[in-house]
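The values are calculated or read from the model by the stated rules, or taken from the named source; none is laboratory data. Keep in mind the model is a prediction, meaning the values are calculated, not measured. Positions of Cβ are backbone-derived with ideal geometry, glycine not excepted, and every protein chain shown enters the neighbour counts. In case anyone asks, the SASA skips ligands and DNA or RNA and just uses the protein heavy atoms, side chains included. Shrake-Rupley method; radii C 1.70, N 1.55, O 1.52, S 1.80 Å.
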Amino acid sequence: MTTIVRPIAYQRAGPLTGLRDLLREHGVSPDRVVEGLDIDLETLASDTRIPFGTSLELLGRAADATGCGHIGLLLASRYRLSSHGVMFHFTMTAPTLRRALLDFVTWQLGYSSGAAAYFHRVGDDFVFGYGIYDRFGPGSRHAYELGACFGAAMIRELTGGAVAPEEVVFCHDAPADTSGYARMFNVPVRFNQNQCGLVISGRAIDHPLPTADPVKHKQAQRAIHNALGMDIESPAARLRRAIRPQLLKADPSMTGAAKAIRVHPRTLRRRLAAEGLTFEKVRDDVRFVVACDLLGLTDLPVGDIGTTLAFATHSAFVAAFRRWSGTTPTAWRRSRA
């Protein structure tokens, strides 16, 4: 079994700050949910950074304790884009929706090193997506819902309600009751997909923002650069966040990933070597997490999951998964059922 390279990833706690009150409204003691996690919901602030694995564990425990399978939706309804601080001003003053989403994707790396927002074209439309690449955990399902809900609210606020997603897709199976999703998004919602994201019409993507201000946009860009810096993550960390959307484009190559993070392939390989890594090891790390996500959260056939991960054949995926985990994808899924 191959050892998976997984440095500690962190998550800005902003979306979790409403969890304390939500738990109490459901008659659950916050202390019970955080026991052993080295986190205090009473003092948790938006800018606090917590291990990404802890955030997934916290969401999973909260869902179990409250019996609320859509706790991600409830948390998202309490969170405001303005809580993103300088990122809020940066995106709101962009000229168009496309530019705002691209800006968000570029700088979101300063808010989470365990999951990535991404933006890519699919036919005539675009997907504003969210993908975990650090680890599979008990709260992954709820993290995806939180990300999708926040993204939908962001689009609504940026455009003053003029633009809404055409549909929402989730990389988990459908819950028994989908009425909460219908109320939250008010557009078609599809489950058991190979990614989590919002589908935006190509006709709407360049919608001008009512709050656009080129002067304030440049000021906010300087502020966010000073706050986060361009080199806040290692080349390996930047690569991890680029690989998942590259897999969706069926391009698992080093050339494609290097282009996505604007580094020459030779430079990237040299910098990875300085960290004791190779491109292939980092790619395997991300592929394994995505495979666990799709095997554990969806009913997608194993062959379809292999295709999503850009494996040339079903047998190549099975062999790789056995190398990573010591078992087959089917056996791993069965053990999690």
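Observations, loosely collected:
- Given (1) open to solvent by 10 Å² or more (accessible area, probe 1.4 Å); (2) modelled with pLDDT of 95 or more; (3) under 21 Å from PHE185 (Cβ atoms), number of the condition HIS120 does not satisfy: (2)
- Residues satisfying the stated conditions in the range 14-36, i.e. at pLDDT 90 or above and within 22 Å of the chain's Cα centre (by Cα): LEU16, THR17, GLY18, LEU19
- Tally of residues being among the hydroxyl-bearing types (Ser, Thr, Tyr), at pLDDT 90 or above and more than 23 Å from PHE88 (Cβ to Cβ) across the range 197-253: 2
- Residue list for the range 295-306, restricted to those being touching a Pro at 6+ places or on another chain (Cβ under 9 Å) and either open to solvent by 30 Å² or more (accessible area, probe 1.4 Å) or touching a residue at least 40 places away in the same chain (Cβ under 8 Å) (or both): LEU295, ILE305
- If you go through the range 288-336 and keep only what is in a loop (DSSP other than H, G, I, E, B), more than 16 Å from GLN246 (Cα to Cα) and aliphatic (A, V, I, L, M), you end up with just LEU300.
- When restricted to residues that are open to solvent by 60 Å² or more (accessible area, probe 1.4 Å), more than 20 Å from GLY14 (Cβ to Cβ) and part of a loop (DSSP other than H, G, I, E, B), the range 30-72 contains 3.
- Just one of the listed residues (ARG156, ARG141) is in contact with a Leu (Cβ under 8 Å, 6 or more places away or on another chain) and open to solvent by 40 Å² or more (accessible area, probe 1.4 Å), namely ARG141.
- Qualifying residue in the range 37-60 (condition: modelled with pLDDT under 90 and under 30 Å from HIS207 (Cβ atoms)): yes
- Of all residues in the range 96-108 being touching a Leu at 6+ places or on another chain (Cβ under 8 Å) and open to solvent by 10 Å² or more (accessible area, probe 1.4 Å), the one that is farthest from ILE261 (Cα to Cα): THR96
- Screening the range 199-268 for helices (runs of 4 or more DSSP H) wholly inside it with 2 or more residues that are in contact (Cβ under 8 Å) with a residue 12 or more places away in the chain and among the basic types (Lys, Arg) returns the ranges 235-248.
- Residue satisfying all of: in the range 159-184; open to solvent by 20 Å² or more (accessible area, probe 1.4 Å) and in contact with a strand residue (DSSP E or B) (Cβ under 8 Å, 6 or more places away or on another chain); nearest to ALA212 (Cα to Cα) among these: GLU166
- Some residue of the range 78-86 being closer than 23 Å to LEU247 by Cβ, open to solvent by 30 Å² or more (accessible area, probe 1.4 Å) and not small (Gly, Ala, Ser): no
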